[in-house]
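These notes concern the structure reproduced below.
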Amino acid sequence: MSDIGPTIAPVEAREELSDRASHLSYVAHEVRNPLATALWSAELLTRLSAADRAGARGEKLARMCLRAIGRVRRLVEDHLLAERLDVDGIPIAFEPVAVDALLPREAAAIGAADLALDVEPGLAVDTDATLARRAVEALLCAAAEGGAAVRLTARRSGPAVRIQVEGAPATPSDLADRQRGDAKDVGGSALGLGVARRAAAALGGTLSVDRGALVLELPAIDPAHGEL
C-alpha cells in the first residue's frame, strides 16, 4: 500500500498564485484608501450645519468625496474588466471602427497638460469599439501621469494600425499587473495598462513599449473593403 502525500503544485503554478495574491492585495489596498476618504468626508458633511454644508467647507468636503468615489469607481471597473477578460467573459463584437472615434478630444479628459493628436486620414480598425476605446484611454491616462503633455500618433503599419502614445516615459514593467509594494495609485488609473494589455490580446493586437512610448497595434481595415 503506497502512501499518497499532499499534491504539490509546480513551481510555476505556485509563483502564479503568489503573484495573483500580491496583485489582489494591491487592488484591495488602493480601493480601501479612497473609500475611507469618501466615507470620512461624507460623515463630516452630515455633521455640518445646513449653513456650513452650503458654504466653502461643505463644498470642499463634497469635492473630496466625489474625487474619492470617482477613483474607487475607476479602480473597481478596471479590476472587474480585467477579471472578465482573463476568463473570456466578455462578448466581443468586431466591426469596422474609425481610429478617430476611439480618441478623446480634450486634454482634461485624461488629466494631461496638453493633448496633441496626429492621425493618418482614413485609418480604420477591425475591433470592438468599447474595448478598444478603453485600451486607448488607458494609454493616454498613463502617459498623462503627473500632468505631462501627451502626443498620440496613429499610422498604418503593414496589416495593423500603430497607435503610439508619448508623454510620461513608460517601461516594459509598467505593462505588468501591479503588485504589493508598488507605487500607490493617484487618480484611479493604476490598473488601466493591465486592462489595455488584456484588451489588446482579446482584440487580436499587441501592447508594447518602444523607447518610452506606449504602442498599441490593432488589425487594420482596408478602406476599400469596409464602409464606415
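The values are calculated or read from the model by the stated rules, or taken from the named source; none is laboratory data. Quick caveat, the model's predicted, so the values are computed rather than measured. Glycine also receives a Cβ, built like all others from the backbone with ideal geometry; neighbour counts cover every protein chain displayed.
The table below lists the values:
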| quantity | calculated |
| --- | --- |
| Gly167 within 26 Å of Tyr26 (Cβ to Cβ) and surrounded by fewer than 16 Cβ atoms within 10 Å (Cβ to Cβ) | no |
| Lone qualifier among Leu117, Leu81 - being assigned to a helix (DSSP H, G or I) and either more than 22 Å from Asp177 (Cβ to Cβ) or not assigned by TED's automatic domain parsing to the domain that holds Arg156 (or both) | Leu81 |
| Unique match (being surrounded by 14 or more Cβ atoms within 10 Å (Cβ to Cβ), of a type in the set (A, V, I, L, M, F, W, C) and assigned to a helix (DSSP H, G or I)) among Leu17, Leu39, Leu35 | Leu35 |
| Which listed residue, of Leu81, Leu152, Leu85, Leu131, is surrounded by 14 or more Cβ atoms within 10 Å (Cβ to Cβ), touching a strand residue (DSSP E or B) at 6+ places or on another chain (Cβ under 7 Å) and at pLDDT 95 or above | Leu152 |
| The one condition in (1) crowded, with 16+ Cβ neighbours inside 10 Å; (2) more than 30 Å from Asp118 (Cβ to Cβ); (3) of a type outside the set (Phe, Trp, Tyr) that Arg74 fails to fulfil | (2) |
